[in-house]
Amino acid sequence: MTIQEILVLITASLILGFLFRQTRSVNLLLVASLFFIYWLQPETGLRYLGYWLPTLSLVIMVTAWAVTASPEIRTQPAQLKTLALIAAVLAALQGMRLIDPARLLETVAIPRSLTTLPYLALIFSYFFAISRSRRSIHSAGLWAVFAAIILIFIVLKTPTLAQQASRAWRALSGQNQSLATSAELSWLGFSYLAFRILHTIRDKQAGRLPDIALNEYITYLVFFPAFVAGPIARADQFIAHLREISGTFKDDLIEGSERIVIGLFKKFVLADSLALFALSAQNALQPISALGGWILLYGFSLQIYLDFSGYTDIALGLGRLFNIQLPENFNRPYLKPNLTQFWSNWHMTLTNWFRAYFFNPISRSLRKKKMPAVAILFITQISTMVLVGLWHGVTINFVIWGLWHGLGLLIQNRWSGWIKEYFPPSDKKWIQALKDSAGTVLTFNYVTLGWIWFVLPDPDLALDFFKIIFGIEI
Amino acid sequence: MRAKINYPRLAVKTLLCVLLISLVILPVVKNSIGKLSLYNWIIPGRERLPFSDTPQLAYNLSLFNLDANLASHAISERSSPENEFRVILLGDSSTWGTLLKPEETLAGQLNQMELSDPDGTPLHFYNFGYPTLSLTKDLLLLERALAYKPDLIIWLFTLESFPDDKQLTSPLVENNPQAVSALFDKYNLDPRSFGEEDLTPSYWESTLFGQRRNLADILRLQLYGVMWAITGIDQYYPAEYTGAARDLSDEVRFHGWEKGEMTADQLALEILAAGKDAAGKTPLIYVNEPILVSQGENSDLRYNFYYPRWAYDQYRRLMSQFSTNQDLNYLDYWDLIPGEEFTNTAIHVTPEAVNLFAKALAPQILLHFNP
């Protein structure tokens, strides 16, 4: 996001946050968030895809709500009001074509009403039908939505599939297919949307999901401060904040503003400055010395942290203006003395998501099969971290990055056990401090070296960069 | 427990701080802020002045603060020139070295020739070329170059830098109105002859708001310096580029002048004379740099994209007369370089051509150190 976009979000949050406190209207947040998903969605070379992707997000969200809500909630008249509100937002977007010729409220390009009307009529008929259905959704329905989201995810994150999808869209819209690229299929916020939906489906299957109205559900999924870069809040906690306002607006304003200012400083001063000399595919082979390579690498390591945690600070601050306490995502991860603690403090909501919905279930399942503890640890840690890697993109380098961390966690786990056996923790504080400091340096450098696989697009380039920083001739 | 904040007082204090910084501190420090530089301290100085339209690819950028430009140059590293003879090369993009690596530029290749005086004191060549064609821009840099106590200045130019309408359009000149105004006053030059009434900067240009771009550029220059130090790259070298035009139009006007209309009054020759005044006792060699002599379509009418034949021939005659009248040390290398050695314009050349030029220029330079 640009600084201009963030300033618009801050201004909107100040006004809407104040109004939300006065009116306690979830619909206010719903309307604002829906507008912003169209406003923030980047335009690509694919004609009107920028409009249809957020619209498809709407279809997915309403479907996901329908399969997770009980028939009693689903058929309440309030849900119809929410559908009417969604229809009004889409109508307003159409209206903007006419009332905002200067495109001051510029969203994505909106197709002509006559073109969109039949599709929107179909979509709302579908919304109406599922919201009136009194039938309980079977487990198969939940799994179907789950599978559909995973499928979309795979297409978006696999460059060759994304390019094919882009080609297909070009064919449909009569554009030149030979110009199709995977980058064109840019669906803003889909990753976080997917994680939140999958979380509600799995919690529904486990019987942990509370009853949620449609307007609350969609607001949870696309709450605009956290839409682009997270964090991934838990639905039950988010809804509780939404329903229960506490403290004063003045307190929220002070706390929120402080967090926003910190976030802006981290992102737009520190991270953007570091970006000028951070490792990238463009500069990876350009250093004339090993030291130069290390500077690029440390530059990237700090930049990615400050960039991401800066966005999180801004999101948390904006959320606070609505009296919504979004979960923390970073807790000084680079100062942790081992890799396990690093991952417990880096992108914490993502780590917790994978722990809850992949690592723990797989571990339980393997334990039932009476496998040796080391084998269970090997399988679960490697597969979890590879999956985290694949979430960033289905490429060899992200798989290697996942393996790097999976193996690192495994080695650290074994090493910790061994060292405790032969060198029990010392009572002397300075010895412990020394051990922690050494651990921090080692962990930071291990994580930093791992970023090479993350930031460079192919293994050969990554290996060449490893050679540069270790002074080996390419 | 959070201390209670008095918001009205906080707002007043903030406003006072902003006013203090913008209206008092910044005007005081703005004349020296460009001198604060990481270059030649923790980052090696640049071999040529910073310039680029593609900063993210070139690890370089164009900025207008003269102090910051010079502070980033390697010449600022050495405070005492006692162990070398300093030769400063002024000029346009061909001297700066478009499409050339720092070591391939004229200054770079002259340095590689390891020239020295009869006593063995080495000559060190410094590239003060700066892209954009304007003699006023060159004079501005010449004035600043004198602070580095050069033993010889070589000023390279081409006709396109001479017309009056080119004098104040270089961004470096446009964005330094105070310095240019002082320069014009000092050498009795009249900005009105170049189409400008007043070169005095406005009040707002000296405030924090007016200086925001300047300050941001100075900061970015320092950050790009890290990449310069790591990679040695200060220019984007495209894999392919469009070559200089060899087939030319049949247009014979030059800057709106019909054939034969161009006179000495219409060229900024007085800037060259001001350069001689500015240099004082420091010897100054004026060099008409090589141009592409095209062999393509309409080459009987024009030498290249820039010049109709009549205009360039007339310019060379005028320069010859002017240098004789003013007793300038003037060298003309206009047709030194074969046509195939020009790259993307009629004045940019290959490293091999620069080498040829350096070899032609070296004996003339040595004459000044071995009279």
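The values are calculated or read from the model by the stated rules, or taken from the named source; none is laboratory data. For clarity, every value in this text was computed on a predicted model and none was experimentally measured. Cβ: placed from backbone, ideal geometry, glycine included. Neighbour counts: every protein chain shown. The protein model used for the area step is the full one, side chains on, heavy atoms only, and it has no ligands, DNA or RNA in it. Shrake-Rupley method; radii C 1.70, N 1.55, O 1.52, S 1.80 Å.
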| Any residue at all in the stretch B:352-365 that is touching a residue at least 24 places away in the same chain (Cβ under 8 Å) and not in a helix (DSSP H, G or I)? | no
| request: Filter the stretch B:224-235 down to residues that are within 13 Å of B:SER62 (Cα to Cα) and open to solvent by 10 Å² or more (accessible area, probe 1.4 Å), then give me how many there are. | output: 1
| Boolean, A:LEU302 is open to solvent by 40 Å² or more (accessible area, probe 1.4 Å), under 23 Å from A:ALA278 (Cβ atoms) and touching a residue at least 12 places away in the same chain (Cβ under 8 Å) | yes
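Report whether or not B:GLU251 is modelled with pLDDT of 75 or more, out of contact with any strand residue (DSSP E or B) (no Cβ under 6 Å at 6 or more places or on another chain), away from every other protein chain (no Cβ under 14 Å) and in a loop (DSSP other than H, G, I, E, B). Give the derivation first.
Details: modelled with pLDDT of 75 or more: yes; out of contact with any strand residue (DSSP E or B) (no Cβ under 6 Å at 6 or more places or on another chain): yes; away from every other protein chain (no Cβ under 14 Å): yes; in a loop (DSSP other than H, G, I, E, B): yes.
Criteria met by B:GLU251.
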| query | Of these, A:ALA240, A:ALA229, A:ALA315, which one is away from chain B (no Cβ under 12 Å), surrounded by 17 or more Cβ atoms within 10 Å (Cβ to Cβ) and assigned to a helix (DSSP H, G or I)? | reply | A:ALA315
| All but one of (1) within 30 Å of B:LEU189 (Cα to Cα); (2) surrounded by 17 or more Cβ atoms within 10 Å (Cβ to Cβ) hold for B:LYS281; which doesn't? | (2)
| request: Among the residues of the stretch B:37-78, count how many are buried (at least 20 other Cβ atoms within 10 Å of the Cβ) and charged (D, E, K, R). | output: 3
| said: Looking at the structure I just gave you, is A:LEU9 modelled with pLDDT of 85 or more, touching a helix residue (DSSP H, G or I) at 6+ places or on another chain (Cβ under 9 Å) and either crowded, with 20+ Cβ neighbours inside 10 Å or farther than 24 Å from A:LEU242 by Cα (or both)? | reply: yes
| query | Yes or no: A:ASN331 without any contact (Cβ under 8 Å) to a residue 40 or more places away in the chain, open to solvent by 50 Å² or more (accessible area, probe 1.4 Å) and away from chain B (no Cβ under 14 Å)? | reply | yes
| remark: Residues of the stretch A:125-151 being free of Cβ contacts under 8 Å to residues at least 60 places away in the same chain and buried (at least 17 other Cβ atoms within 10 Å of the Cβ), in sequence order, are A:PHE146
| field | Selection status of A:GLY293, within 14 Å of chain B (Cβ to nearest Cβ) and over 24 Å from the mean Cα position of the chain (by Cα) | value | yes
| query | Considering A:LEU276, A:LEU253, A:LEU270, which residue is within 14 Å of chain B (Cβ to nearest Cβ), free of Cβ contacts under 8 Å to residues at least 12 places away in the same chain and under 23 Å from A:ILE3 (Cβ atoms)? | reply | A:LEU276
| message | B:GLN222 - would you say it is away from chain A (no Cβ under 12 Å) and modelled with pLDDT of 90 or more? | response | no
| message | I'd like the residue in the stretch B:81-123 that is part of a loop (DSSP other than H, G, I, E, B), within 25 Å of B:LEU172 (Cβ to Cβ) and aliphatic (A, V, I, L, M) and, out of all such residues, is most open to solvent (accessible area, probe 1.4 Å). | response | B:LEU99
| field | Identity of the residue in the stretch A:12-27, open to solvent by less than 50 Å² (accessible area, probe 1.4 Å) and of a type outside the set (Val, Ile, Thr), that ends up nearest to A:ASN176 (Cα to Cα) | value | A:ALA12
| field | Count of residues meeting criterion [part of a loop (DSSP other than H, G, I, E, B) and modelled with pLDDT of 80 or more] in the stretch A:116-139 | value | 0
| message | Please count how many residues of the stretch B:130-166 are without any contact (Cβ under 8 Å) to a residue 40 or more places away in the chain and touching a strand residue (DSSP E or B) at 6+ places or on another chain (Cβ under 8 Å). | response | 0
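Yes/no matrix, rows are residues, columns are (1) under 30 Å from B:SER249 (Cα atoms); (2) over 23 Å from the mean Cα position of the chain (by Cα); (3) of a type in the set (Gly, Ala, Ser):
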residue	(1), (2), (3)
B:PRO290	yes, no, no
B:SER320	yes, yes, yes
B:LEU331	yes, no, no
B:ASN344	yes, no, no
B:GLU352	yes, no, no
B:PRO363	no, yes, no
B:LEU367	no, yes, no
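Okay, residues lined up against (1) outside the structural domain of A:LEU179 (by TED's automatic domain parsing); (2) at pLDDT below 90; (3) hydroxyl-bearing (Ser, Thr, Tyr); (4) buried (at least 22 other Cβ atoms within 10 Å of the Cβ):
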| site | (1), (2), (3), (4) |
| --- | --- |
| A:GLY45 | no, yes, no, no |
| A:LEU49 | no, yes, no, yes |
| A:ALA64 | no, no, no, yes |
| A:ILE73 | no, yes, no, no |
| A:ALA92 | no, yes, no, no |
| A:ILE99 | no, yes, no, no |
| A:ARG103 | no, yes, no, no |
| query | How about the stretch B:38-86: which of its residues are among the aromatic types (Phe, Trp, Tyr) and without any contact (Cβ under 8 Å) to a residue 60 or more places away in the chain? | reply | B:TRP41
| request: Consider A:ASN413 carefully, then state whether it is modelled with pLDDT under 95 and either surrounded by 15 or more Cβ atoms within 10 Å (Cβ to Cβ) or not in a helix (DSSP H, G or I) (or both). | output: yes
| request: Working only within the stretch A:370-418, note down all residues that are among the hydroxyl-bearing types (Ser, Thr, Tyr), within 20 Å of the chain's Cα centre (by Cα) and closer than 19 Å to A:ASN360 by Cβ. | output: A:SER383, A:THR384
